[in-house]
1. Take the residues of the stretch 211-240 that are surrounded by fewer than 20 Cβ atoms within 10 Å (Cβ to Cβ) and either hydrophobic (A, V, I, L, M, F, W, C) or touching a residue at least 24 places away in the same chain (Cβ under 8 Å) (or both): which is farthest from the ligand (Cβ to nearest atom)?
2. On the given criteria, is S247 more than 14 Å from the ligand (Cβ to nearest atom) and not β-branched (V, I, T)?
3. Could you tell me whether G158 is closer than 26 Å to G241 by Cβ and among the small types (G, A, S)?
4. Looking at this structure, is R15 of a type outside the set (A, V, I, L, M, F, W, C), surrounded by 13 or more Cβ atoms within 10 Å (Cβ to Cβ) and over 18 Å from the mean Cα position of the chain (by Cα)?
5. Which ones in the stretch 320-334 are closer than 25 Å to A270 by Cα, among the hydrophobic types (A, V, I, L, M, F, W, C) and in a helix (DSSP H, G or I)?
6. Being touching a Lys or Arg at 6+ places or on another chain (Cβ under 8 Å), surrounded by fewer than 24 Cβ atoms within 10 Å (Cβ to Cβ) and within 24 Å of M117 (Cβ to Cβ): is that true of D207 here?
7. Quick one: which helices (runs of 4 or more DSSP H) lie wholly within the stretch 338-388 and hold at least 3 residues that are closer than 30 Å to E125 by Cα and at pLDDT 95 or above?
Amino acid sequence: MSECKVPFTGKEKIRFNVPPCTGKEFEYMKQAVENQKICGDGEFTKKAHQWFEERTGTRKCLMTTSCTHALELSALLADIKPGDEVIMPSFTFVSTADAFVLRGAVPVFVDIRPDTMNIDETLIEAAITEKTKAIVPVHYAGVACEMDVIMDIAARHGLMVIEDAAQGVMAYYKGKMLGTIGDFGCYSFHETKNYSMGEGGALLIRDEKYIEKAEIYREKGTDRSKYFRGQVDKYRWQEFGSSYLPSELNVAYLYAQLEMADEINDCRLARWNQYYELLMPLKEAGKIELPTVPKECVHNAHMFYLKTADERERAALIDYLKACDILAVYHYVPLHSAPAGLKYGRFAGEDRYTTAESERLLRLPMYYGLTEEQTAFVAEKVKAFYGF
Ligand SMILES: *Cc1c(COP(=O)(O)O)cnc(C)c1O
C-alpha cells in the first residue's frame, strides 16, 4: 500500500482522521454510473451484502444509509414500544440511544468497566425491570463486550440483544465476528470508521424470521425486494417503513475497501501496536493508562486511546500536541448527563466510572494510511509532554 510508505518529514500537520481511500473507489463509482444504476440495491449493494454474509457468517446483511438507521431498523424489528426500557451504556455515541428514544423507549444507562470502557456486564441484571425489552452492548474501540454473559442474561430474561458494532467491523469475540452474536448487529461506514462510504451502515440479522420484515421496513414498507427477486409480480405497500437503503455510488466507494479489508485492518493494527509499544514506558511509570484487550477479543484497531491522570492534564496534553501540529480528540459527554439524556433516560445504579473515565480519555490520530514515522512522531511528543 503506497500510502503506508509516504515519507514523513515531521513538518506537516497530523490529522486525527483521514477517510479511507484505496484508489479503486473511483473506478467502481464510475462503473455504477455506467451501469445506469445509482439508486439503491444495484450490483455493488448485492456484492456488499454477499461479502458481509460470507465474511461474518451471519444469516443476512442489509446495507443501510447509516449505523443510526441500522439501529432504528433494529428498534422496529424488536417491536420497541413507548415505555419500554432498553439497557445500554451512557458512554457511547448519541445514536445508540436515539434509535430507541424515537420509538418512545427509555434508555436505561448502566455503568462501564474502566478496562475496556464497555458496559459492565455484571451490573446489567440489576437494571432489568418488567419493562425491559432489550440490551444494547456497544463494542467500544472494536473491543468486544463480554457477550457470553450478556447473551445468557438476555436468554434468562427473554430480552433482545442489539449490538452497536459501529466500531467493530472485522473484530471478534471468541472467534465470532462482532455484530453476529446478538439478534441484530449494526455497523457504521461513516468517514471516521475503519471502512467508509461517507455516510452508511449495515444491519446484520441472525435469524431468518426477521429478514422479510427488515426488507419491508427498509424499502418504504413495500415488498419491493421480493419483486426484484421475481417472487411477486408487483410490489405493494405492506407495512409502515422508511427509506434506509443507500445509493449505489456510496456502496461502490465502500466495496473497493471491502476487497482490501484485511490489508486495511493489518495497516491499522500495525500502527496501534506501534503506539502501544512506544507508550509502554509511560504506562510502566504510572503516567498514563493504555487500552486493555481481553484475551477472548481480537480487536480491529478502530482507535488508539490513552488515559491521563485527570481532565486538566488531558487539556494540557491536547494543547501540547496541537502546538506540535498533532490533532488529538476526546469523546463522549456521557449521555445521561446531556440534556436529552436527562429528559428521556435514567441511570441505573451508581456512575462510578462513566463520567470519571470519560474525562481522562484521549484519542490519538489513527487512520488507514497513517505512517510509521507519523506514529513514532506522535508517540515521541506524548512522551516529551511527560518529560520522557
Ligand atoms: C459512529 C457510531 C454510530 C453512528 O454511526 P453512523 O453511521 O454515523 O450513523 C453509532 N454508534 C457508535 C458507537 C458509533 O461509534
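The values are calculated or read from the model by the stated rules, or taken from the named source; none is laboratory data. This structure is a prediction, so every number in the text was calculated from the model and none was measured. All Cβ positions, glycine included, derive from the backbone under ideal geometry; neighbour counts span all protein chains shown.
1. V232
2. Values: more than 14 Å from the ligand (Cβ to nearest atom): yes; not β-branched (V, I, T): yes.
In short, yes.
3. Working: closer than 26 Å to G241 by Cβ: no; among the small types (G, A, S): yes.
In short, no.
4. Numbers: of a type outside the set (A, V, I, L, M, F, W, C): yes; surrounded by 13 or more Cβ atoms within 10 Å (Cβ to Cβ): yes; over 18 Å from the mean Cα position of the chain (by Cα): yes.
Yes.
5. If the condition is that a residue be closer than 25 Å to A270 by Cα, among the hydrophobic types (A, V, I, L, M, F, W, C) and in a helix (DSSP H, G or I), then L321 is the only one that fits.
6. Details: touching a Lys or Arg at 6+ places or on another chain (Cβ under 8 Å): yes; surrounded by fewer than 24 Cβ atoms within 10 Å (Cβ to Cβ): yes; within 24 Å of M117 (Cβ to Cβ): no.
The answer is no for D207.
7. Values: elements: 339-344, 354-358, 372-385.
Hits in the stretch 338-388: 339-344, 354-358.
Residue by residue, here is whether (1) out of contact with any strand residue (DSSP E or B) (no Cβ under 7 Å at 6 or more places or on another chain); (2) closer than 19 Å to Y140 by Cα; (3) without any contact (Cβ under 8 Å) to a residue 60 or more places away in the chain holds:
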{"position": "A75", "(1), (2), (3)": "yes, no, no"}
{"position": "E85", "(1), (2), (3)": "no, no, yes"}
{"position": "D111", "(1), (2), (3)": "yes, yes, no"}
{"position": "P114", "(1), (2), (3)": "yes, yes, no"}
{"position": "L123", "(1), (2), (3)": "no, yes, no"}
